[in-house]
Amino acid sequence: DWTPNAFVEETVEALQQKIGDDKVVLGLSGGVDSSVAAMLLHKAIGKNLYCIFVNNGLLRKNEFTDVLEQYKGMGLNVKGVDASARFLDALAGLSDPEQKRKAIGRVFIEVFDDEAHQIQGVSWLAQGTIYPDVIESVSATGGPSATIKSHHNVGGLPDFMKLKIVEPLKALFKDEVRRVGASMGMAKDLLGRHPFPGPGLAIRILGDITPEKVAILQEVDAVFIGELKKSGLYDKVWQAGAILLPVNSVGVMGDERTYEKCVALRAVESTDGMTADWVNLPYEFLQKVSNNIINKVKGVNRVVYDISSKPPATIEWE
Ligand code: XMP
């Protein structure tokens, strides 16, 4: 019978056998999978695990500093790299979703490769790949690996991608990953986090990205997620977020006519992200969130709620 405790024990031992005194580099995303993979490796090899947490400038409000502190509190050997400006520069003027994804993927590889080069004698790349990722990458035609290839088939692979790969969660499903994390004493809020896309808010800002738009969406998202947590709804939802629409609409504030941004709220139930149903959030809750957003976030005068399921809609709008 599979138990998280036995898994941790066996995996730590196997990792020690496999890696010995070698050095390992791992990219943390703030998500459950990479965090649990890091904890397992930390237990096995301690300071020989070098974690890198990149701020692409497209994370949730305060996420980079909060999560970096949390990682340090867990004892991880982690370096936070704020590359926001580099990502935002690369995104300037791009509106097409796939071009945005490609630009982000390319800059991430450059930043990560630079950082990996600074670790003397590193020989392994650890990844938080879980079983559903393995299946998906077999069937998918245009996942992140395709992005990596399209950029790097000219100059060859970046050096960190030539490292030996270690993927301690490769046989697990998401719920098992969470149980493994819990059995190592990892914080509930970290293990219960909603999935968040690698390209972050870039694919929730429809059209081109500017620092101002990112700041507006971070505020809107923080109100929505904060209220979900306050009202006990966060854990009942598989994934939630806000989308900044590329339209202005007319509103009225006091005696003034306004012409400002519109945001959409999205909350879905799902087990694996492949299919999803929109969540029937209480009207009173939506009313409160809408009021708070419009009152607190300058530049937004209208809030709508997305009532589309997947398929045919996707979870993200881009
Ligand atoms: P869709 O929008 O395809 O999303 O229904 C399904 C799940 O995948 C996430 N997602 C991504 N994750 N890079 C990622 O790492 C991406 O480019 C990407 N696009 C979508 C999405 O947030 C949802 O959980």
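The values are calculated or read from the model by the stated rules, or taken from the named source; none is laboratory data. Here the structure is a predicted model, which is why all the values come from computation and not from measurement. Every residue, glycine as well, gets a Cβ built from its backbone with ideal geometry; the counts of neighbours run over all protein chains shown.
With respect to being loosely packed, with under 15 Cβ neighbours inside 10 Å and in the same structural domain as Gln16 (by TED's automatic domain parsing), Gly185 fits the description.
If you take the residues of the stretch 1-29 that are of a type in the set (S, T, N, Q) and over 26 Å from the mean Cα position of the chain (by Cα), which of them is surrounded by the fewest Cβ atoms within 10 Å (Cβ to Cβ)? Steps first, please.
The first filter runs over the stretch 1-29 and keeps only residues of a type in the set (S, T, N, Q), leaving 3, 5, 11, 16-17, 29.
From the residues that got through so far, the ones that are over 26 Å from the mean Cα position of the chain (by Cα) too are 3, 5, 16-17.
Details: Thr3: 11, Asn5: 11, Gln16: 13, Gln17: 9.
Selected residue: Gln17.
Restrict the check to the stretch 191-200 and report whether at least one residue is away from the ligand (no atom under 16 Å from the Cβ) and more than 18 Å from the chain's Cα centre (by Cα). So far as the stretch 191-200 goes, no, none of its residues is away from the ligand (no atom under 16 Å from the Cβ) and more than 18 Å from the chain's Cα centre (by Cα). The condition (being at negative phi, touching a Gly at 6+ places or on another chain (Cβ under 9 Å), among the small types (Gly, Ala, Ser) and not in a loop (DSSP other than H, G, I, E, B)) is satisfied by just one residue among Ala222, Ala267, Ala242: Ala267.
Could you please find all residues in the stretch 277-308 being within 16 Å of the ligand (Cβ to nearest atom) and over 18 Å from Ile203 (Cα atoms)? Quick ask: steps written out before the conclusion?
Quick first cut of the stretch 277-308, residues within 16 Å of the ligand (Cβ to nearest atom) only: 277-279, 306-308.
Passing the criteria: Asp277, Trp278, Val279, Ile307.
When the stretch 268-297 is filtered for residues that are of a type in the set (D, E, K, R) and free of Cβ contacts under 8 Å to residues at least 12 places away in the same chain, only Glu284 remains. Of the residues contained in the stretch 252-261, one or more are found to be in a loop (DSSP other than H, G, I, E, B), farther than 21 Å from Glu63 by Cα and at pLDDT below 95.
Out of Leu15, Leu28, Leu41, one residue alone is at pLDDT 95 or above and touching a Phe, Trp or Tyr at 6+ places or on another chain (Cβ under 6 Å). It is Leu28. Please work out if Ser308 is out of contact with any helix residue (DSSP H, G or I) (no Cβ under 9 Å at 6 or more places or on another chain), surrounded by fewer than 19 Cβ atoms within 10 Å (Cβ to Cβ) and touching a residue at least 24 places away in the same chain (Cβ under 8 Å). Taking the combined requirement at face value, the residue satisfies it.
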